[in-house]
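Undergrad: My structure is below; once you've seen it, I'll send some questions.
The values are calculated or read from the model by the stated rules, or taken from the named source; none is laboratory data. Bear in mind that the values here come from a model prediction, so they are computed numbers and not experimental data. Here Cβ is always computed from backbone atoms with ideal geometry, including for glycine, and neighbour counts include all displayed protein chains. SASA here: full protein model, heavy atoms, side chains in, ligands and nucleic acids out. Shrake-Rupley method; radii C 1.70, N 1.55, O 1.52, S 1.80 Å.
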Amino acid sequence: MQHLNLSQLQGPIGVFDSGYGGLTILKEIRKILPEYDYLYLGDNARAPYGTRSFDVVYGFTLQAVEYLFSQGCHLVILACNTASAKALRSIQQNDLPKMDSARRVLGVIRPTVERMAEISRNGHIGVLGTPGTINSRSYELEVAKLNPEIEVHGQACPLWVPLVENKEADSDGADYFVEKYIDALLEQDSQIDTAILACTHYPLLLPKIRRFMPANVEIVSQGSIVAESLKDYLTRHPEMSAKCMKGGGCRYLTTENVGKFEELASLFLGCDVKAEHVDL
């Protein structure tokens, strides 16, 4: 009897996040590439990743990637800035060659950085993110590789994710913390003309961010940028596109309580979601 080789079968595109924020990326990807099948995995039981060490984030992210590969994914998107900052390079360079060199893992930082030169008018960019993303200096390092003349300043916003996940994004109480971190960023460089929302939760705070950010500052959400980058990637790599199932479906997996995930996922996606529980 011949055994089926998972690496030869078509599979969904895997989308991983430590929690819910990656759903904002998935939503934009599905708008631009609705024909593909997707498998979303949220490691909600161990979120947030933003305050954890490099080693821990790397270990958790590798477990998630291995799981998604085991479910038939040939391509996995790390729809999480912290995972992209702390784990992507190690997985691409050290783990993929051993696991399956034909599979791919992509992140959200590089596609965002690639657009900065065209979006910023004066070369002064601010990055708003979790402590993990900001402390990794990943944006500064990536920008320096592509556009060394651009100045980058990062500001950690540790309370923005809890505000979103506790459904306080629209509350009056959120105003103080949104304004506080924006002011702290602009104090570093008053010439900033572009602000990257370097956490996938932050689009849910966009109305408040717009209110407290000066009108001349362009606010960049990552969803559409990552989606366009993925579309471009699949166009340039037809061999990968051929390995991805095209049924237009999407499954949602969580390491947390299913009911809790479904409730919050609906907030991020604006529609009802049915999820399944998995252990990593």
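Undergrad: Name the pairs whose Cβ atoms lie under 8 Å apart, with the first residue in region 116-139 and of a type in the set (Lys, Arg), the second open to solvent by less than 20 Å² (accessible area, probe 1.4 Å) and part of a loop (DSSP other than H, G, I, E, B), and 6 or more positions between them or separate chains?
TA: 121/193
Undergrad: Continuing with this model, one more query. Given the condition assigned to a helix (DSSP H, G or I), open to solvent by 30 Å² or more (accessible area, probe 1.4 Å) and aromatic (Phe, Trp, Tyr), answer yes or no: does some residue in region 58-65 qualify?
TA: Checked against the condition, which is being assigned to a helix (DSSP H, G or I), open to solvent by 30 Å² or more (accessible area, probe 1.4 Å) and aromatic (Phe, Trp, Tyr), region 58-65 yields at least one hit.
Undergrad: Within the bounds of region 264-274, is there any residue that is open to solvent by 20 Å² or more (accessible area, probe 1.4 Å) and either among the basic types (Lys, Arg) or closer than 25 Å to residue 139 by Cα (or both)?
TA: yes
Undergrad: Can you tell me which of (1) touching a residue at least 60 places away in the same chain (Cβ under 8 Å); (2) in contact with a Phe, Trp or Tyr (Cβ under 6 Å, 6 or more places away or on another chain) is the one residue 77 doesn't meet?
TA: If we test residue 77 against (1) touching a residue at least 60 places away in the same chain (Cβ under 8 Å); (2) in contact with a Phe, Trp or Tyr (Cβ under 6 Å, 6 or more places away or on another chain), just (2) comes out false.
Undergrad: Sticking with this one: Quick one: in region 113-122, which of the residues that are under 14 Å from residue 217 (Cα atoms) and among the hydrophobic types (A, V, I, L, M, F, W, C) is most open to solvent (accessible area, probe 1.4 Å)?
TA: 119
Undergrad: Still on this structure, I have one more. List pairs: first in region 221-248 and within 14 Å of residue 37 (Cα to Cα), second open to solvent by 70 Å² or more (accessible area, probe 1.4 Å) and not in a loop (DSSP other than H, G, I, E, B), Cβ under 9 Å, 6+ apart or cross-chain?
TA: 240/104; 241/235; 243/8; 248/30
Undergrad: What number of residues within region 222-280 are of a type in the set (Val, Ile, Thr) and within 30 Å of residue 116 (Cβ to Cβ)?
TA: Qualifying residue count for the region: 3.
Undergrad: With the checklist (1) open to solvent by less than 20 Å² (accessible area, probe 1.4 Å); (2) within 16 Å of the chain's Cα centre (by Cα) in hand, flag the one item residue 125 doesn't pass.
TA: The failed condition is (2).
Undergrad: Also: For residue 209, state whether it is assigned to a strand (DSSP E or B), in contact with a strand residue (DSSP E or B) (Cβ under 7 Å, 6 or more places away or on another chain) and either closer than 19 Å to residue 130 by Cβ or open to solvent by 50 Å² or more (accessible area, probe 1.4 Å) (or both).
TA: So residue 209 fails the test.
Undergrad: Just checking, how many residues over region 155-177 are out of contact with any Leu (no Cβ under 8 Å at 6 or more places or on another chain), closer than 24 Å to residue 190 by Cβ and touching a residue at least 40 places away in the same chain (Cβ under 8 Å)?
TA: Residues flagged as out of contact with any Leu (no Cβ under 8 Å at 6 or more places or on another chain), closer than 24 Å to residue 190 by Cβ and touching a residue at least 40 places away in the same chain (Cβ under 8 Å) within region 155-177 amount to 1.
Undergrad: While we're on this one: For the list (1) closer than 20 Å to residue 204 by Cβ; (2) modelled with pLDDT of 95 or more; (3) assigned to a loop (DSSP other than H, G, I, E, B), I need the number of the one condition that residue 50 fails.
TA: Of everything listed in (1) closer than 20 Å to residue 204 by Cβ; (2) modelled with pLDDT of 95 or more; (3) assigned to a loop (DSSP other than H, G, I, E, B), residue 50 misses just condition (2).
Undergrad: Here's a follow-up. Would you check which residues across region 153-178 are exposed (fewer than 12 other Cβ atoms within 10 Å of the Cβ) and aromatic (Phe, Trp, Tyr) and list them?
TA: 176
Undergrad: If you check residue 181 against the conditions, is it under 23 Å from residue 110 (Cα atoms), of a type in the set (Phe, Trp, Tyr) and open to solvent by less than 30 Å² (accessible area, probe 1.4 Å)?
TA: In short, no.
Undergrad: Ok, one more. Here is a list: 36, 40. Which entry is part of a loop (DSSP other than H, G, I, E, B), under 26 Å from residue 221 (Cα atoms) and open to solvent by less than 40 Å² (accessible area, probe 1.4 Å)?
TA: When all the criteria are applied, what remains is 36.
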